[in-house]
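Taking it in order: structure first as structure tokens, then the write-up.
Taken together, the values in this text are just the output of simple stated rules run on the coordinates, not laboratory data. These numbers come from a predicted model, not from an experiment. Glycine gets a Cβ as well: all are built from the backbone with ideal geometry, and neighbour counts include every protein chain shown.
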Amino acid sequence: MTTERRRMPLHTKIFIGLLLGAIAGGVCQAVMGPDDPRLKFFRETFAQPVGTIFLNMIFMVVLPLLFSALVLGVAEIGDARKLGRVGARALLMTVILSGIAVVLGLAAVNLVKPGDGISTADRERLMASYQTADATKKVEDAQKAKGVADTLVGLIPKNPISAAIEPDGILPFMVFALIFGIALGGIAPEKALPVKAFLEGVFAVTLRIIDFAMRFAPIGVFGLIFTTASLLGVSAFVALGKYAGLVLVTLAIHLFVTYPLAIRWIAKRNPIDFFRSIRSVMLTAFATASSNATLPAALKSADEDLGLPRDISNFVLTVGATANQNGTALFEGITVLFLAQFFGIPLSLGAQAIVMGMAILAGIGTAGVPGGSWPMIAIILIQVGVPAEAIGICLGIDRILDMSRTVLNVTGDITIATCVAQMEGEGMEPAAAMS
Ligand code: ASP
């Protein structure tokens, strides 16, 4: 298995799965028609189950992953708060930059509407092929009917375990994880440490399970894409192409407009020099699609190329690798709205505000590994009433988008470190920034 994987990288295999699924599904759809009984039989007894097994392997870790990642992320920021100004400033910049990223993403997707253009008949066929669609639609309707007070009260779960098994209970469950993380950051270290160590173990195990699932991804993606292509034909791929283009353009805007403004105004540096100094880090992020894997390169460059004080950059970059993911937040906003458009599920402004809040939170909770954002996207989808299985439509082309958003995640961390270093000026006492 390992030698085989070395010969051909997994993402290449996934891409081949995507291509084969698209071509085979598209050709069958064109030649036989989407409702041909033989095509239906193959779709329902092979393609769809294979795709569903793959997705279920990812979905099964959502709860433990979400809980451990959020609690640890928040507890880290809780520690950060104790570190005083540095933590507070880094946290503020994380929220502001992630907020701008998500707003950019939502604006772009509302403007371009890449998921429109699927005919009603196609859409109905697609909906019918996802059994959960009806149930989630009902959830959405129920949510729409709730008043403000009920929605707020509903965010604080009476019983987090029973909340977690409801389709619309993930948000309250996340609130529980947040409260748990804040409390964990505030108790005596000797009591907190074993809890953190345990959750770090849980987190590592969930990542390993995702790794297993990803080995199965080439065939899983084939099944998912074949299903979509054999139902929808070319219109699905036009929409998918528009979506991928939109993600890349919007990421580029955030990278080349928002960050340089922060670097110029807050860090008072020349943005071009800044980008030139960190280009090897950006390339590493692009190649690995993993913030965690890029952390050593980022730490080195912050020290050697940007000359940032080590105490600030160590702290901000390490926490940021898991807790600050602008590119991911932007991407999640676009993806959720795109899939909602694709399925013809209108999202009110209120629902979009929920997407925004959850995408910012998900940026904190997303693991800095390739494809780390998908479990979070599934959660947000369920919350707004789009079948979570819909992520299969985007997974096949994710690698290039993942590589690109990881560049923003890492550049965002360094931007924040540079800005915070400037705000702290020369007068910072090292003791204030080190744990
Ligand atoms: N690959 C991203 C990172 O490591 C996470 C994601 O968006 O999937 O930063």
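Taking other C-beta atoms within 10 Å as the exposure proxy, Ile263, Ile165 rank Ile165, Ile263 from fewest upward.
Can you flag which of Lys13/Lys40; Lys40/Lys113; Lys113/Lys158; Lys158/Lys191; Lys196/Lys300; Lys158/Lys196 are past 32 Å Cα-Cα? Pairs exceeding 32 Å: Lys113/Lys158.
Computed 3J(HN,Hα) for region 93-107, one whole-Hz value per residue from the Karplus formula 6.51 cos²θ - 1.76 cosθ + 1.60 where θ = phi - 60°, is 5, 4, 5, 5, 5, 5, x, 4, 4, 5, 4, 4, x, 5, 4, glycine and proline marked x.
When +1 charges are put on Lys and Arg Cβ atoms and -1 charges on Asp and Glu Cβ atoms, the dipole computed for the chain relative to its Cα centre reaches about 400 debye.
Counting every other Cβ atom within 10 Å of each residue's Cβ, Val205, Val247 order from fewest to most as Val205, Val247. When Ile23, Ile345 are arranged by Cβ crowding within 10 Å, least crowded first, meaning fewest neighbours, the order is Ile23, Ile345. Label sites at Thr318 and Asp303, each approximated as a point 7 angstrom past Cα along Cα to Cβ, lie 1.2 nm apart. Packing-based ranking of 275-287, 312-324 yields 312-324, 275-287, ordered from highest to lowest mean Cβ neighbour count within 10 Å.
Fully extending the segment from Phe41 to Asp116 would add 24.2 nm, taking 0.36 nm per residue of separation and subtracting the current Cα-Cα distance. Note on the chain: helix-only mean residue ellipticity at 222 nm, from DSSP H runs of 4+ residues weighted -39500 (n - 2.57) and normalised by residue number, equals -25500 deg cm²/dmol. How high is the relative contact order of the chain, in percent, counting Cα pairs under 8 Å that sit 6 or more residues apart? Worked out over the chain, it gives 32 percent. Where a ≥ b ≥ c are the square roots of the eigenvalues of the C-alpha gyration tensor, would you call region 173-319 rounded, which needs a/c under 1.5, or, failing that, prolate if a/b is larger than b/c, or oblate? It is oblate, given that a/c is not under 1.5 and a/b is not larger than b/c. Placing unit charges on each Cβ (+1 for Lys and Arg, -1 for Asp and Glu) gives region 169-304 a dipole about its Cα centre, and among Ala297, Ile263, Ser230 the Cα reaching farthest toward its positive end belongs to Ile263. In a simple Cβ point-charge model (Lys, Arg +1; Asp, Glu -1; nothing else charged), region 263-413 has a dipole of about 340 debye relative to its Cα centre. Remark on Gly368: its backbone amide H falls under 5 Å from those of Asn292, a criterion applied only to residues 5 or more positions apart or on other chains, H modelled at 1.01 Å from N.
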